[in-house]
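Have a look at the structure below before the remarks.
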Amino acid sequence: MLAAEQILKKHKLRVTQFRLDVIDIFMRSGHALSSADLEQDLQDADRITLYRTLKSFEDKGIIHKAIDGTQTQKFAICEAHCDEHHHHDEHVHFHCMKCQNTFCLDHVFVPKVSLPIGFTMKQTDMIVSGICEKCD
Ligand SMILES: [Zn+2]
Ligand SMILES: [Zn+2]
Ligand SMILES: [Zn+2]
């Protein structure tokens with residue numbers, strides 16, 4: 001895993017303390033985070049700045065949406081080869097029904113599905129719900 005500063009440089013974003021802090025929190029967390037989770041961990045979290053930061057991180061391929069079937073929008077750090085034009089996070093997201101945390105299962109890939117003629121696939125999300133290793 002790259003250090004926060006290298007991640008920003010690689011994705012051509014100016015290095016600011018705020019951006020470093022946000023990436024750091026993502027890297028230290030073992031699970032996906034909502035903006036409310038991040039606000040708790042940041043010293044002076046201005047909601048607008050945080051929102052913009054998450055948006056640009058998602059656009060640049062630093063974080064991706066970890067869709068877990070809940071109402072809360074969560075994000076997780078991307079795989080190393082995501083970039084501005086393409087995300088490659090085709091892994092399963094696991095939602096723990098006990099701690100409510102959502103995990104990227106980086107090595108568990110979303111299975112290929114074949115669609116009827118006339119349907120075009122743009123994105124596939126797969127959520128597995130259950131009990132995580134910590135809650136087991
Ligand atoms: Zn990605
Ligand atoms: Zn759990
Ligand atoms: Zn993920």
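Throughout, read-outs are computed from the coordinates displayed, never taken from laboratory work. Worth saying up front: this structure is predicted, and the values here are computed from it rather than measured. All Cβ positions, glycine included, derive from the backbone under ideal geometry; neighbour counts span all protein chains shown.
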- Query: Relative to the longest principal Cα axis of the chain, at what angle does helix 17-28 sit, 0 to 90 degrees, rounded to 10?
  - Reply: 40 degrees
- Loop-resident trypsin sites (Lys or Arg not before Pro) in segment 1-50 with no more than 14 other Cβ atoms inside 10 Å, DSSP not H/G/I/E/B, are Lys12, Arg14
- Given +1 on the Cβ of Lys and Arg, -1 on the Cβ of Asp and Glu, and no further charges, what dipole in debye does the chain carry about its Cα centre, rounded to the nearest 20? 300 debye
- Separation of segment 30-52 and segment 75-136 by C-alpha centroid, Å? 22 Å
- Note on the structure: Given backbone amide H placed at 1.01 Å from N, residues whose amide H is under 5 Å from that of Val110, ignoring those fewer than 5 places away on the same chain, are His91, Val92
- segment 4-130: relative contact order in percent, alpha carbon pairs under 8 Å with at least 6 residues between: 21 percent
- Message: Suppose the Debye formula is applied to equal point scatterers at every Cα of the chain; what is log10 I(q)/I(0) at q = 0.14, 0.15, 0.18 Å⁻¹?
- Response: -0.67, -0.76, -1.05
- Setting aside same-chain residues fewer than 8 positions from Lys12, which lysines have a Cα under 21 Å from its Cα? Lys55, Lys60, Lys65
- Query: What percent antiparallel are the DSSP beta bridges of segment 4-130, to the nearest 5?
  - Reply: 70 percent
- Query: If you line up the long axis of helix 47-60 against the longest principal axis of the chain, both from Cα atoms, how many degrees apart are they, to the nearest 10?
  - Reply: 60 degrees
